[in-house]
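This report concerns only the one structure given below.
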Amino acid sequence: MKINDYLSHEELKRLISALLVVLGFISIAAFFGFTVVPGLRYQAYTTGESQVQAVQGETGWLDPTEYPVMAKEVIPPIDPKTVMTPNPALMARGKALFAQNCATCHGPEGLGDGAAGKGLTPHPRNFTANAGWKNGTKLEDIYKTLDEGIKGSSMVSYNYLPKKDRMALAHVVQSLGAFDHGASDPKALANLEKLFASAGEVIPNRIPVSRAVTVLCREYAEAHPQPTATTLR
């Protein structure tokens, strides 16, 4: 017996079309689950200096947290003097960003005891302890971690945040530990200063994951219309 013995040609065409649509939706969901969602793990940058919108839901690896819509923003070069040394405004911004982006895993005091970090391997870094820091504890080391993330862990890159915000976070992270973080490398600091002063940034448009999925599904459906009873006659 063959499938043709059970289904007419028209019914078979309709079944194949429906199957292709389902497979398309599964492919889109898989794409977002393994590529897009990790990059949107943390709350996107907002324009206020210290006011940061709270994350809607716990942030974690492959957690499709809904983030607000962000318009494209062009940021000019920054005077290194305003970010290389801690100042009240920079620290206030960094603390707001830490509470929003880091505390869920690292804990509000940086002890590595955040609720979202309990099931992570390796365990989130305890910023108050001078041990086990992957890239080091100096300012340039912390900035590198925020910029690149750490492979093999749930510590993803924060390079979607403006450089000024990443430096604000680096100062706050360093301030959580009372131990000696070591003297910075003058050459590394000079490179950071050059990075801030030489080039501006373009922060791209961002939309929530659910909206992106809806748009992609609509576009796929429009490009692959499902046959109707009328078209099959």
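I need a count of the residues in the stretch 152-184 that are within 19 Å of Thr82 (Cα to Cα) and either touching a Gly at 6+ places or on another chain (Cβ under 6 Å) or not aliphatic (A, V, I, L, M) (or both). Show your work before the answer.
First pass over the stretch 152-184, keeping only residues within 19 Å of Thr82 (Cα to Cα): 161-175, 184.
Now restrict to residues that are either touching a Gly at 6+ places or on another chain (Cβ under 6 Å) or not aliphatic (A, V, I, L, M) (or both): 162-166, 168-169, 171-172, 174-175, 184.
Selection size over the stretch 152-184: 12.
Identify, by number, the condition in (1) at pLDDT 95 or above; (2) surrounded by 13 or more Cβ atoms within 10 Å (Cβ to Cβ) that Asn101 doesn't meet.
(1)
Got a sec? Which of Lys138, Lys187, Lys144, Lys151 is at pLDDT 95 or above and surrounded by fewer than 15 Cβ atoms within 10 Å (Cβ to Cβ)? Give the derivation first.
Details: Lys138 fails: surrounded by fewer than 15 Cβ atoms within 10 Å (Cβ to Cβ); Lys144 fails: surrounded by fewer than 15 Cβ atoms within 10 Å (Cβ to Cβ); Lys151 fails: at pLDDT 95 or above.
Selected residue: Lys187, the only one of Lys138, Lys187, Lys144, Lys151 that is at pLDDT 95 or above and surrounded by fewer than 15 Cβ atoms within 10 Å (Cβ to Cβ).
If you scan the stretch 118-129, which residues turn out to be surrounded by fewer than 16 Cβ atoms within 10 Å (Cβ to Cβ), within 13 Å of Gly177 (Cα to Cα) and either within 20 Å of the chain's Cα centre (by Cα) or modelled with pLDDT under 95 (or both)?
Those that are surrounded by fewer than 16 Cβ atoms within 10 Å (Cβ to Cβ), within 13 Å of Gly177 (Cα to Cα) and either within 20 Å of the chain's Cα centre (by Cα) or modelled with pLDDT under 95 (or both): none in the stretch 118-129.
Quick one: which helices (runs of 4 or more DSSP H) sit completely within the stretch 82-184 and have at least 2 residues that are out of contact with any helix residue (DSSP H, G or I) (no Cβ under 9 Å at 6 or more places or on another chain) and touching a residue at least 12 places away in the same chain (Cβ under 8 Å)?
Details: elements: 88-101, 103-106, 139-148, 163-175.
Of the helices (runs of 4 or more DSSP H) lying wholly inside the stretch 82-184, those with at least 2 residues that are out of contact with any helix residue (DSSP H, G or I) (no Cβ under 9 Å at 6 or more places or on another chain) and touching a residue at least 12 places away in the same chain (Cβ under 8 Å) span 88-101.
The values are calculated or read from the model by the stated rules, or taken from the named source; none is laboratory data. As the structure is a prediction and not an experimental result, all values here were calculated from the model. No Cβ is skipped: glycine too gets one built from the backbone with ideal geometry, and neighbour counts run over all protein chains shown.
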